[in-house]
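Colleague: Please read through the structure below; I'll follow up with questions.
The values are calculated or read from the model by the stated rules, or taken from the named source; none is laboratory data. Predicted, not measured: the structure shown is a model, and the values here were computed from it. Please note: Cβ atoms are built from the backbone with ideal geometry, for glycine as well, and neighbour counts cover all protein chains shown. Side chains are part of the model used for accessible areas, which takes the heavy atoms of the whole protein and leaves out ligands, DNA and RNA. Shrake-Rupley method; radii C 1.70, N 1.55, O 1.52, S 1.80 Å.
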Amino acid sequence: MKVLLIGSGGREHAIAHAIKKSPLCDELICAPGNPGIATLGKCFGVEVSSPEEIADIAKREKADFTIIGPEIPLVAGVVDEFKKHGMLIFGPSKEAAQLEGSKAFSKEFMKKHNIPTAAYETFTDLQKAKDYLKEHPAPIVVKASGLAAGKGAVVCMSDKEALNAVEEMLGEKAVFGESGKTVVIEEFMEGEEASIFAVCDGKDYILLAPAQDHKRIFDDDKGPNTGGMGAYAPAPLVNKEMLERIKKEVVEPTLQGIEYTGILFIGIMVTKNGPKVVEYNCRLGDPETQAVLEVYKGDLLDLFYKAAQGKIKEVAESEPNGYAAVVVMASEGYPGKYKGAVPISGIKEAQEKGAVVLHAGTKIKFGELQTAGGRVLGIVGKGDTLAQALDVAYSGVKAIHFDGAHYRTDIGKKGL
């Protein structure tokens, strides 16, 4: 079949890398893609926030099946647009994608369906939010309700940080624009976070390997939140007993509460009282995807294709195949201001050391590979043990060079 993949980041390069191996894939096309994806299939320019433009490409190119990588087109209703035209697509409807698109909606949903999560209140008025903070001292979490590229949740360890966060979102600065005009303030949950991925077909689901992401920019989880600086899978934190609890207490009540086809990504806090939902996402996580897909034994394209048709029961569940880890190489200054157009070298050498190099923020200019984003590359290592996977990933990182390259040196340490 001819497959259209929408997106341009490391997650999409990982998906492209996996589905290209499938015997079902005759041709892969991608919009907008990136230089790494362009080695696997033809790339087209597209405005990813426009469901109509994406549907037009699928029609024009006679794509048999479309896979959506990022959240923006899903929240905008791309799946509904495709269904209007009778075209097959993998992802949740606009209504179901609200689980990510509106934290206020998702918190109300969890409350209604008795899904364990942090206690919370929702605000649109700055003064009311400030008054609430006076009665609820730090540590506390302040979240922009709308989409904020993984940076809208601020874990505030002091009252001053909490006040700053609500002022930045609800005040004149409005750092997240429309996304921050509604703010969710919730209790701080103690524990370790894990990422759970359920591939859903509207009724049934299959879980991929649980992963653990590293959100902060510096080692030992210090500094500001990012889109993710690295991940590993499977995460030992989620043992069989915990996974059963997550299925029964979180995944199944969620799918009973809303009709859902696509990837349901659940951020879970493993607390002393059991699993609690940090947030829902309506797509695969980035950078967790880069590790999770590396240990998936089955045919990913077949899995997504069957899920889109409501036939996931025809796919056999499989245990993860070994361990994988991804280390993100970022531009100097990220997640703040950073310089672009910095030449990159050493990718071939990293691949020769056994690493898979996935492009996240790169471009080709005058025949030269350059940086074009905050998170530039994801370097993936695989092994029979987590230690082996990390060795391969870090040997790949050391082979690659661009001026100002920043990466964490402690990815996977918790898992070891």
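Colleague: Restricting attention to region 383-390, does a residue exist that is within 21 Å of SER345 (Cβ to Cβ) and either at pLDDT below 95 or crowded, with 23+ Cβ neighbours inside 10 Å (or both)?
Modeller: The answer is no, given that none of the residues of region 383-390 is within 21 Å of SER345 (Cβ to Cβ) and either at pLDDT below 95 or crowded, with 23+ Cβ neighbours inside 10 Å (or both).
Colleague: What's the number of the condition ASP131 fails, among (1) open to solvent by less than 70 Å² (accessible area, probe 1.4 Å); (2) in contact (Cβ under 8 Å) with a residue 24 or more places away in the chain?
Modeller: Every listed condition holds for ASP131 apart from (2).
Colleague: Return a yes/no flag: does region 61-70 have any residue that is open to solvent by 20 Å² or more (accessible area, probe 1.4 Å) and part of a strand (DSSP E or B).
Modeller: No, region 61-70 contains no residue that is open to solvent by 20 Å² or more (accessible area, probe 1.4 Å) and part of a strand (DSSP E or B).
Colleague: Still on this structure, I have one more. Quick check on region 97-116. Is at least one of its residues of a type in the set (A, V, I, L, M, F, W, C), in a loop (DSSP other than H, G, I, E, B), in contact with a Ser or Thr (Cβ under 7 Å, 6 or more places away or on another chain) and within 21 Å of ILE246 (Cβ to Cβ)?
Modeller: Checking region 97-116: at least one residue is of a type in the set (A, V, I, L, M, F, W, C), in a loop (DSSP other than H, G, I, E, B), in contact with a Ser or Thr (Cβ under 7 Å, 6 or more places away or on another chain) and within 21 Å of ILE246 (Cβ to Cβ).
Colleague: Going through region 264-286 one residue at a time, which ones are open to solvent by less than 10 Å² (accessible area, probe 1.4 Å) and aliphatic (A, V, I, L, M)?
Modeller: Within region 264-286, LEU264, ILE266, ILE268, VAL277, LEU284 meet the criteria.
Colleague: Name every residue in region 26-52 that is more than 22 Å from the chain's Cα centre (by Cα), surrounded by 18 or more Cβ atoms within 10 Å (Cβ to Cβ) and either assigned to a helix (DSSP H, G or I) or in contact (Cβ under 8 Å) with a residue 60 or more places away in the chain (or both), in order of residue number.
Modeller: Result: no residue meets the conditions.
Colleague: Of the residues VAL142, VAL154, VAL175, which is part of a strand (DSSP E or B), in contact with a helix residue (DSSP H, G or I) (Cβ under 9 Å, 6 or more places away or on another chain), open to solvent by 10 Å² or more (accessible area, probe 1.4 Å) and farther than 30 Å from LYS306 by Cα? Walk me through it before giving the result.
Modeller: Values: VAL142 fails: open to solvent by 10 Å² or more (accessible area, probe 1.4 Å); VAL175 fails: part of a strand (DSSP E or B).
Residue meeting the stated conditions: VAL154.
Colleague: Any residue in region 107-124 that is under 15 Å from ILE185 (Cβ atoms) and loosely packed, with under 13 Cβ neighbours inside 10 Å sitting within a Cβ distance under 6 Å of a residue that is hydroxyl-bearing (Ser, Thr, Tyr) and at pLDDT below 95? List the pairs, counting only those 6 or more apart or interchain.
Modeller: The qualifying pairs are THR124/THR182.
Colleague: Further question: Looking at region 215-248, which of its residues are open to solvent by less than 10 Å² (accessible area, probe 1.4 Å) and either of a type in the set (Gly, Ala, Ser) or in contact with a helix residue (DSSP H, G or I) (Cβ under 7 Å, 6 or more places away or on another chain) (or both)?
Modeller: Scanning region 215-248 gives GLY227, GLY228, GLY230, ALA231, TYR232, ALA233, ALA235.
Colleague: Also, I was wondering about something else. Restricted to region 287-328, and to residues that are among the hydroxyl-bearing types (Ser, Thr, Tyr) and open to solvent by 10 Å² or more (accessible area, probe 1.4 Å), which residue is nearest to the chain's Cα centre (by Cα)? Full working, then the answer.
Modeller: Of the residues in region 287-328, the ones among the hydroxyl-bearing types (Ser, Thr, Tyr) are 289, 296, 305, 318, 323.
Now drop any that are not open to solvent by 10 Å² or more (accessible area, probe 1.4 Å), which leaves 296, 305, 318, 323.
On the way: TYR296: 17, TYR305: 20, SER318: 22, TYR323: 19 Å.
Ranking the qualifying residues of region 287-328, first place goes to TYR296.
Colleague: Conditions first: (1) at pLDDT 90 or above; (2) open to solvent by 10 Å² or more (accessible area, probe 1.4 Å). VAL199 passes all but one, so which condition is the exception?
Modeller: Of (1) at pLDDT 90 or above; (2) open to solvent by 10 Å² or more (accessible area, probe 1.4 Å), only one is false for VAL199: (2).
Colleague: I need the strands (runs of 3 or more DSSP E) fully contained in region 261-372, keeping only those with at least 2 residues that are of a type in the set (A, V, I, L, M, F, W, C) and touching a residue at least 24 places away in the same chain (Cβ under 8 Å).
Modeller: Result: 261-271, 274-281, 323-330, 356-359.
Colleague: Scan (1) open to solvent by less than 20 Å² (accessible area, probe 1.4 Å); (2) of a type outside the set (A, V, I, L, M); (3) outside any helix (DSSP H, G or I) for the single condition PRO23 breaks and write down its number.
Modeller: (1) is the only condition that PRO23 fails.
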